[in-house]
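Engineer: The structure under discussion is supplied below as structure tokens; questions concerning it will follow.
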């Protein structure tokens, strides 16, 4: 059942007065209330194939160890695909990665050593398979952050374990579970270059970029980059906080126009979190916004870029204290509070926002109409049509990937259609009509990640 919260609706006079005063004009629509049996406490991001959202909850389900679900984008046809358990993976805190008709993810706990697992299953819920049981030794333990697929390997991080005093790891493996390899172990005993990585990795075609919870010169965490083969590790930033005890607890990063954008859950001038950016070379660091109680505090989401604004959420603050939806320009100007979460709409949003169609979608850990189990919601901010983010669709075949000079594009159906080529920033750089297959000359392209869109399905390729 859907409920709408339109700020200019005729509610109580005082409520209406404050909304008009603040200039709200957005609409948030609640798409789903979790009920415990079908999941509870969702921290990971949603992904979409254009028709269904796919996601995980950390609690709820038959074993109260979380579930994996799908639901149509209009909030109907909720289907629980999997109940997690201690033996084969428990408590997923992160989002999913799609490759064709398979979904891949990690759980923080479960498995033989209760150190977490890497898993996959089909989009219909069948063939759940554990690809790796973490041991807590050199392979790491407590995996967190969604996996990144480069066309050959899946990459991820573990919060602890590894060969350097439990500082955590970066690893890779093939989608069939073979060739697992730890490519970097963070140093837990001398963590000057960071310790305990968290959040998903992002890739620009040459380097992965990430953040750590601990370590660095001030023990607040760091921003780093590293090549896929484990070489070229470089610390780009020592995160700072005004409190000598608390960690900044940075969110995963967003890459946009040569800059990395991120949030600190704590830190900043008010110790309530901040938004920052830094170039991929480690220069031009700037604090873009310091959060305060009235307009939202303690952000934990990876930022989302849409129509030249950064969109995000906070887990607390605002009049009700349940957090807010906000947007801000990449230069730090025009911070706008779009929506204040409440009990019925859901609150305490840790996930990033998914931009699809002309809407933004998210998921909350609490609130809703079913005993505070959380919700799924839609934000209408008058955005232009956005792309689907479900990658590696079977309807598109790209090879070789990575590519140097010629990219071969083949459809599974013999039909005429239009392909759109985007830079990883979302900038459209080419449109082309094809029938079944084509070749794309990429020799003049700069190195990096590109996105092909066909029939609202998207797939990434890497230009070497």
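The values are calculated or read from the model by the stated rules, or taken from the named source; none is laboratory data. Predicted, not measured: the structure shown is a model, and the values here were computed from it. Every residue, glycine among them, receives a Cβ derived from its backbone with ideal geometry; neighbour counts consider all protein chains shown.
Engineer: Can you find, within segment 233-244, the residue that is farthest from residue 282 (Cα to Cα) among those that are in contact (Cβ under 8 Å) with a residue 12 or more places away in the chain and assigned to a loop (DSSP other than H, G, I, E, B)?
Structural biologist: Ranking the candidates gives 243 first.
Engineer: Return the residue satisfying two criteria in turn: it lies in segment 38-57 and is without any contact (Cβ under 8 Å) to a residue 60 or more places away in the chain and assigned to a loop (DSSP other than H, G, I, E, B), and of such residues it is farthest from the chain's Cα centre (by Cα).
Structural biologist: Within segment 38-57, the match that is farthest from the chain's Cα centre (by Cα) is 38.
Engineer: Within segment 155-168, does at least one residue satisfy the condition of being surrounded by fewer than 24 Cβ atoms within 10 Å (Cβ to Cβ) and closer than 22 Å to residue 255 by Cα?
Structural biologist: Looking for residues that are surrounded by fewer than 24 Cβ atoms within 10 Å (Cβ to Cβ) and closer than 22 Å to residue 255 by Cα, one finds at least one in segment 155-168, hence yes.
Engineer: Kindly indicate whether any position in segment 355-373 is under 22 Å from residue 199 (Cβ atoms), in the same structural domain as residue 70 (by TED's automatic domain parsing) and free of Cβ contacts under 8 Å to residues at least 40 places away in the same chain.
Structural biologist: no
Engineer: Within segment 234-254, how many residues turn out to be modelled with pLDDT of 90 or more and surrounded by 17 or more Cβ atoms within 10 Å (Cβ to Cβ)?
Structural biologist: Qualifying residue count for the region: 12.
Engineer: Do you know which residues across segment 441-464 are closer than 22 Å to residue 100 by Cα, surrounded by 18 or more Cβ atoms within 10 Å (Cβ to Cβ) and modelled with pLDDT of 75 or more?
Structural biologist: Passing the criteria: 449, 450, 451, 452, 453, 458, 459, 460, 461, 462, 463.
Engineer: OK, next. So residue 376 clears everything in (1) assigned to a strand (DSSP E or B); (2) more than 24 Å from residue 40 (Cα to Cα); (3) modelled with pLDDT of 80 or more except one condition, right? Which one?
Structural biologist: Of the numbered conditions (1) assigned to a strand (DSSP E or B); (2) more than 24 Å from residue 40 (Cα to Cα); (3) modelled with pLDDT of 80 or more, the odd one out for residue 376 is (2).
Engineer: Working only within segment 157-182, note down all residues that are closer than 23 Å to residue 98 by Cβ and touching a residue at least 24 places away in the same chain (Cβ under 8 Å). Step through it out loud before you land on a result.
Structural biologist: Our first condition is that a residue be closer than 23 Å to residue 98 by Cβ; within segment 157-182, this holds for 157-158, 170-181.
Result: 157, 158, 170, 171, 172, 173, 175, 176, 177, 179, 180.
Conditions tested, residue by residue: (1) in contact with a helix residue (DSSP H, G or I) (Cβ under 8 Å, 6 or more places away or on another chain); (2) modelled with pLDDT under 95; (3) surrounded by 15 or more Cβ atoms within 10 Å (Cβ to Cβ).
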site: 271; (1), (2), (3): no, yes, yes
site: 277; (1), (2), (3): no, no, yes
site: 284; (1), (2), (3): no, no, no
site: 288; (1), (2), (3): no, no, yes
site: 291; (1), (2), (3): no, no, yes
site: 298; (1), (2), (3): no, no, yes
site: 306; (1), (2), (3): no, yes, yes
site: 310; (1), (2), (3): no, no, yes
site: 313; (1), (2), (3): no, no, yes
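Engineer: So how many residues does segment 258-269 have that are over 18 Å from the mean Cα position of the chain (by Cα) and either outside any loop (DSSP other than H, G, I, E, B) or crowded, with 16+ Cβ neighbours inside 10 Å (or both)?
Structural biologist: So the answer is 3.
Engineer: I would also like to ask the following. Would you be able to tell me the number of residues in segment 245-257 that are in contact (Cβ under 8 Å) with a residue 60 or more places away in the chain and more than 19 Å from the chain's Cα centre (by Cα)?
Structural biologist: Number satisfying all stated conditions: 0.
Engineer: Taking segment 50-72 on its own, how many of its residues are surrounded by fewer than 20 Cβ atoms within 10 Å (Cβ to Cβ) and more than 23 Å from residue 131 (Cα to Cα)?
Structural biologist: 4
Engineer: Can you tell me how many residues in segment 303-326 are closer than 17 Å to residue 259 by Cα, in contact with a strand residue (DSSP E or B) (Cβ under 6 Å, 6 or more places away or on another chain) and either assigned to a loop (DSSP other than H, G, I, E, B) or not assigned by TED's automatic domain parsing to the domain that holds residue 210 (or both)?
Structural biologist: 1
Engineer: Another one. Please count how many residues of segment 379-416 are at pLDDT below 75, under 22 Å from the mean Cα position of the chain (by Cα) and in a strand (DSSP E or B).
Structural biologist: 1
Engineer: Moving on to the next point. Give me a count of the residues in segment 76-96 that are crowded, with 16+ Cβ neighbours inside 10 Å and either under 25 Å from residue 141 (Cα atoms) or out of contact with any strand residue (DSSP E or B) (no Cβ under 6 Å at 6 or more places or on another chain) (or both).
Structural biologist: 13
Engineer: Now for a separate question. Does residue 419 meet the test of being more than 20 Å from residue 339 (Cβ to Cβ) and either assigned to a strand (DSSP E or B) or modelled with pLDDT of 75 or more (or both)?
Structural biologist: Working: more than 20 Å from residue 339 (Cβ to Cβ): yes; either assigned to a strand (DSSP E or B) or modelled with pLDDT of 75 or more (or both): yes.
For residue 419, the condition - more than 20 Å from residue 339 (Cβ to Cβ) and either assigned to a strand (DSSP E or B) or modelled with pLDDT of 75 or more (or both) - is met.
Engineer: If you go through segment 60-85 one residue at a time, how many are in contact (Cβ under 8 Å) with a residue 40 or more places away in the chain and outside any loop (DSSP other than H, G, I, E, B)?
Structural biologist: 7
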